[in-house]
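Reviewing the structure listed below.
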Amino acid sequence: MSDKSSGTYIIDENYTIISVNQTLRELYPSVQPGKKCYQCLMKLDEPCPPCPVANHIQGPQTYLDPIRGIYETVDAVEVELPDGKLGHALVMSTVGESEAISAKLPRTRNELNRLLEQEYFDSLTGGFSRKGFVRECERVFSRTERTDYAIILFDIHNFKAINDTFGIEGGDQILRYVFSTVRNSFLKPVVASRIESDSFLFLVRRKNISREQLMSLLNMEWAKDNQIIHFHLRCGIYYVEDADVSISRMINWTILANRYADQDKYGSYSVFDAAMREKYLDQAEVISRFSESLAKDEFKLFYQPIIETASGKICAAEALVRWNHPSRGFLVPGRFIPALEKSGLITQLDRYVLQHVYKFQKSLRAEQIPIVPVSVNLSRQDFYNDSFMSQILSLIQEGTLPANCINYEVTETSVAILKENCDYLLQQIRQIGSKILLDDFGSGYSSLGMIGDYSFDVVKIDKSFVDQIEEKPVVRAVIDATISMCHSIGLSTVAEGVENSRQLRFLREHGCDFIQGYYFSRPLSEEDFLSYLSKAQVAGFESSAVADPHSLFQPDLENLLDLVNHFDQYIQVCYPENYDMVYANEMTRKISGHPDLPYEGRKCYQYMLGLDAPCGHCPMKRMGDETEKMMEVDDGSHVFRLTARYANWNNRKVFIECGQDITKTKIVQQRYLEQIRSILENIPEGQGVFYMDLTADKWISSGGNAENARAMQKIKDVDTLIRRIASFVPDPEGQENFFSIFCRSAQLKAYKENRRQIVLETESYYDDHSIRWSRITAHLIDNPETDHVESVLYGVDISSEKAHIEELEQARMEKEQLRRQVDKTWKMYTQADHDRRYDFLTGLESRLALYHFTSHNEADSVTGVMMLDLDDFKLVNDKYGHHFGDECLKEIGRLLVDFGAHHEISFYRYGGEEIVGLSQNRRIDIDALSRQTLDIIN
């Protein structure tokens with residue numbers, strides 16, 4: 001037995017110590033031969049309470065040693081003493097050496113598991129966490145074939161609404177219900193976990209997956225307060241195929257498959273395939289390289305001509321973008337547009353396209369080359385970006401190009417989802433002279449009713465319809481009806497994707513106004529499009545709208561001067577003495593809610609509001625003695641910013657009001673003010689607050705309860721302010737870091753990258769001259785009134801939070817250290833346990849191993865036993881010495897190991913020269929083998 005791991009002492013029947021080995025002397029110096037063991041070890045007058053000899057305990061037991069404070073295993077073995085009396089050898093195997101470690105060790109294995117494995121379990125469901133799922137899968141895969149399994153992810157459709165309806169407690173009950181239902185289902189998961197929120201991950205055997213049963217499982221019912229709540233699960237499946245893929249990657253593939261659930265192609269559940277992987281990697285690569293490619297002008301514009309059907313002349317073009325990828329060549333939009341839309345980057349690309357088209361049109365005009373309107377595609381996200389929409393509206397106001405040289409295409413999906421907000425912005429774009437084209441009509445949410453509800457000029461019939469003109473009469477009828485309906489309400493039509501003369505003939509015969517497609521031209525590069533324009537005849541791209549009957553009203557030139565520069569506003573003219581309306585432009589009529597009804601001879605308050613008398617907010621009542629006045633008027637449902645004046649109209653006094661509906665602007669301004677208020681309300685007392693205009697490079701205010709902040713007044717620009725604030729950071733390096741993060745250019749860069757918050761944690765001086773940790777935060781805000789980017793910067797004292805984080809980190813490090821020490825301890829224990837079961841001298845298994853075998857109900861499988869006793873071996877030791885005797889035992893052990901391996905016999909060294917052989921093979925003759933064993937030894 002190894003002296004490095006075990007100590008031994010022998011006592012007689014009176015607990016007197018007979019002998020002690022060197023290991024035990026090192027561990028317990030107080031143990032001396034001739035003294036009572038309980039006196040030496042515990043200073044007691046009687047045997048120790050846990051003593052295995054006094055308590056007649058057979059076999060090894062583990063105890064907490066009260067002397068050294070560590071765990072150790074003690075085995076009491078009966079031995080014959082030299083005087084022939086019975087004694088006991090106590091063998092002690094230590095499982096730890098440090099008092100500091102042992103003081104923290106759990107007393108039971110269960111306690112240890114609870115301590116170490118908290119992070120592997122989900123406290124809500126009792127299943128595994130994500131980390132636990134990974135660990136358990138590794139264990140399963142280590143002993144079975146990976147490809148026998150699949151990983152399934154379930155999540156709850158619209159779980160946020162469920163949580164909002166039933167509260168957190170109700171939501172938790174549903175989560176436990178879903179977990180329990182799936183775990184106990186036909187899937188019979190091998191590993192069940194909840195990895196986050198309403199996402200449940202299961203490892204199941206492939207053979208258990210049934211499509212029919214799975215579809216049934218996805219629709220669940222849950223009872224609460226005598227109500228039955230129905231909800232739906234989505235499911236993603238990954239079949240394990242590649243042994244080299246990590247489990248974390250498998251989980252990612254499963255999550256990706258889940259994202260495709262509920263799509264038309266896949267249904268309520270989807271199975272991960274190579275196409276998903278390629279698309280995922282492709283989109284990731286698109287997103288990672290997009291900004292660099294945009295900066296390098298790797299996106300190239302192409303122009304596809306739009307042809308007037310009747311004349312065959314070019315009348316317009318559509319700008320299309322292609323990505324000239326450095327390694328993949330030209331990529332069509334379908335390869336990168338979806339990824340940019342999903343990641344929120346599409347507006348950057350649309351802005352890029354608009355700027356290039358505008359620059360291209362300006363170059364044509366400068367070179368006196370004929371210009372045709374070019375349409376630019378707008379994405380749904382563009383309508384949420386105030387700065388981009390402002391750029392669209394301001395381009396024409398520069399006056400460099402005609403108002404109709406750039407048109408805009410929107411998809412029916414965007415219009416259907418954005419509804420009123422989209423229509424409002426489309427109206428604004430039309431009022432600056434651009435046309436709005438409804439793209440891909442018939443491919444998504446479209447209906448004939450939609451066309452009349454929004455501000456369109458042209459409807460583009462989707463290529464999917466054009467492709468079926470020759471085969472399907474129903475499609476031809478739909479196209480014919482669409483063209484007729486559009487013409488009846490004053491809209492033009494464009495057919496997309498026309499590729500042959502038969503399609504063209506049908507469209508021409510049924511009155512389609514314009515044609516776009518490969519039949520006339522593929523998309524052309526700028527250079528090729530210039531060449532095309534120089535050779536082509538140019539026609540006008542005008543709408544087929546019916547005439548507006550109200551446009552027949554023509555005031556004389558003198559009166560018309562009152563209406564100059566108001567093309568983007570509503571205009572209303574009435575007689576002040578009786579409120580009879582003289583003139584109302586198109587926008588005014590739309591605001592009334594009944595634009596088709598004549599206004600002539602009607603009272604303004606009747607026509608506009610349906611009242612029987614002048615309204616209380618009438619601008620005329622607020623004029624006083626003034627002849628012209630600017631004001632804001634709120635009629636209860638709209639807010640108008642207007643200019644009102646008295647003027648002469650055909651030699652008669654009239655009251656003219658012209659202005660804009662600023663209801664949405666007011667809402668945006670209110671949101672802006674609420675955003676400012678929310679920021680200020682959440683700043684703790686005693687902190688400094690700085691307000692600055694980044695666009696104008698202007699300090700606005702410094703305030704808060706911090707004295708050092710209030711002292712910073714009348715700062716000339718943003719960077720000077722930031723330098724002043726940075727001076728409160730104690731060290732120069734920290735001051736430079738502060739400035740680099742919060743200087744004006746850094747904040748504007750963050751805004752351009754769509755980051756609306758900048759945070760830095762640093763040490764700084766406070767009013768009491770103490771140095772504390774602060775969290776400096778800058779909120780970047782759009783001011784809708786000035787269209788400027790503003791910043792609110794403030795600091796929060798996080799000293800206590802920082803201390804808490806450090807305590808948590810220290811606790812984490814201590815726990816990690818404890819984990820390592822426990823792992824080391826168990827490793828030592830395992831090695832010690834092995835050493836105790838192995839006889840190092842003979843190479844045979846020990847008496848402890850024999851005891852373990854017989855005490856674990858394995859004795860019933862024994863078919864034969866032999867007992868070997870080396871006669872008078874003590875005489876050999878006495879005559880030739882112990883070294884010679886040990887060599888003999890080694891050789892005997894070697895012979896028995898070889899013999900046992902050949903004949904399926906396990907040999908155990910039972911005593912000094914006693915050896916036991918056990919066989920579990922019923923086919924062998926134990927008597928014959930016993931004789932062979934003697935022959936070998938002899």
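Out of Glu212, Glu138, Glu169, one residue alone is in a helix (DSSP H, G or I), within 26 Å of Asp242 (Cα to Cα) and open to solvent by 80 Å² or more (accessible area, probe 1.4 Å). It is Glu138.
Scoring Ile700 on the criteria (1) open to solvent by 40 Å² or more (accessible area, probe 1.4 Å); (2) modelled with pLDDT under 75; (3) more than 34 Å from the chain's Cα centre (by Cα) leaves a single failure, condition (2).
Among the candidates Leu848, Leu889, Leu875, the residue that is within 30 Å of Gln920 (Cβ to Cβ), among the aliphatic types (A, V, I, L, M) and at pLDDT below 85 is uniquely Leu848.
Just so you know, in region 728-743 the residues that are surrounded by 17 or more Cβ atoms within 10 Å (Cβ to Cβ) and out of contact with any Ser or Thr (no Cβ under 8 Å at 6 or more places or on another chain) include one that is nearest to Ala778 (Cα to Cα), and it is Phe742. In region 369-399, the qualifying residues are those that are of a type in the set (Ser, Thr, Tyr) and surrounded by 17 or more Cβ atoms within 10 Å (Cβ to Cβ), and the one that is modelled with the highest pLDDT is Ser375. Within region 30-49, residues that are more than 14 Å from Asp12 (Cα to Cα) and part of a helix (DSSP H, G or I) sit with their Cβ atoms under 6 Å from residues that are open to solvent by 40 Å² or more (accessible area, probe 1.4 Å) and modelled with pLDDT under 90, at 6+ positions apart or across chains, in these pairs: Cys40/Ser30. Can you tell me which residue within region 403-438, out of those that are in a loop (DSSP other than H, G, I, E, B) and at pLDDT 75 or above, is most open to solvent (accessible area, probe 1.4 Å)? Here the residue is Asn404.
Out of the residues in region 581-611 meeting the condition of being part of a loop (DSSP other than H, G, I, E, B) and in contact with a Lys or Arg (Cβ under 9 Å, 6 or more places away or on another chain), tell me which one is surrounded by the fewest Cβ atoms within 10 Å (Cβ to Cβ). Looking at residues that are part of a loop (DSSP other than H, G, I, E, B) and in contact with a Lys or Arg (Cβ under 9 Å, 6 or more places away or on another chain), I get Asp596. The C-beta contact set for region 505-525 (first residue in contact (Cβ under 8 Å) with a residue 12 or more places away in the chain and at positive phi, second residue crowded, with 17+ Cβ neighbours inside 10 Å and part of a loop (DSSP other than H, G, I, E, B), distance under 8 angstrom, 6+ apart or interchain) comprises Gly517/Gly497; Gly517/Val498. Counting only helices (runs of 4 or more DSSP H) that fall entirely inside region 625-730 and contain at least 3 residues that are without any contact (Cβ under 8 Å) to a residue 24 or more places away in the chain, the qualifying elements are 663-681, 718-726. All conditions in (1) closer than 19 Å to Tyr766 by Cα; (2) open to solvent by less than 40 Å² (accessible area, probe 1.4 Å); (3) over 37 Å from the mean Cα position of the chain (by Cα) hold for Ile715, with the sole exception of (1).
Counting only strands (runs of 3 or more DSSP E) that sit completely within region 261-366, those holding 3 or more residues that are on the phi < 0 side of the Ramachandran plot and open to solvent by less than 70 Å² (accessible area, probe 1.4 Å) correspond to 269-271, 299-308, 314-325.
Among the criteria (1) open to solvent by 50 Å² or more (accessible area, probe 1.4 Å); (2) touching a residue at least 12 places away in the same chain (Cβ under 8 Å); (3) not aliphatic (A, V, I, L, M), the one Ser764 does not fulfil is (1).
The C-beta contact set for region 388-411 (first residue over 22 Å from Val494 (Cα atoms) and hydroxyl-bearing (Ser, Thr, Tyr), second residue modelled with pLDDT of 75 or more and assigned to a loop (DSSP other than H, G, I, E, B), distance under 8 angstrom, 6+ apart or interchain) comprises Ser390/Asp787. Taking residues in region 595-612 that are under 18 Å from Cys658 (Cα atoms), and partners anywhere that are among the acidic types (Asp, Glu) and not in a loop (DSSP other than H, G, I, E, B), the pairs with Cβ atoms closer than 8 Å and at least 6 places apart or on different chains are Pro595/Glu586; Lys603/Asp580; Cys604/Asp580.
Among the residues of region 175-194, is any at pLDDT 85 or above, in contact with a Gly (Cβ under 8 Å, 6 or more places away or on another chain) and of a type in the set (Ser, Thr, Tyr)? Within region 175-194 (the criterion being at pLDDT 85 or above, in contact with a Gly (Cβ under 8 Å, 6 or more places away or on another chain) and of a type in the set (Ser, Thr, Tyr)), the answer is yes, since at least one residue qualifies.
Annotation: of all residues in region 767-796 being open to solvent by 50 Å² or more (accessible area, probe 1.4 Å) and among the acidic types (Asp, Glu), the one that is nearest to the chain's Cα centre (by Cα) is Asp782.
The values are calculated or read from the model by the stated rules, or taken from the named source; none is laboratory data. All values reported here derive from a predicted model rather than from experimental measurement. A quick note on method: Cβ atoms are made from the backbone with ideal geometry, for glycine too, and the neighbour counts reach across all protein chains shown. With ligands, DNA and RNA removed, areas are computed over all heavy atoms of the protein, side chains included. Shrake-Rupley method; radii C 1.70, N 1.55, O 1.52, S 1.80 Å.
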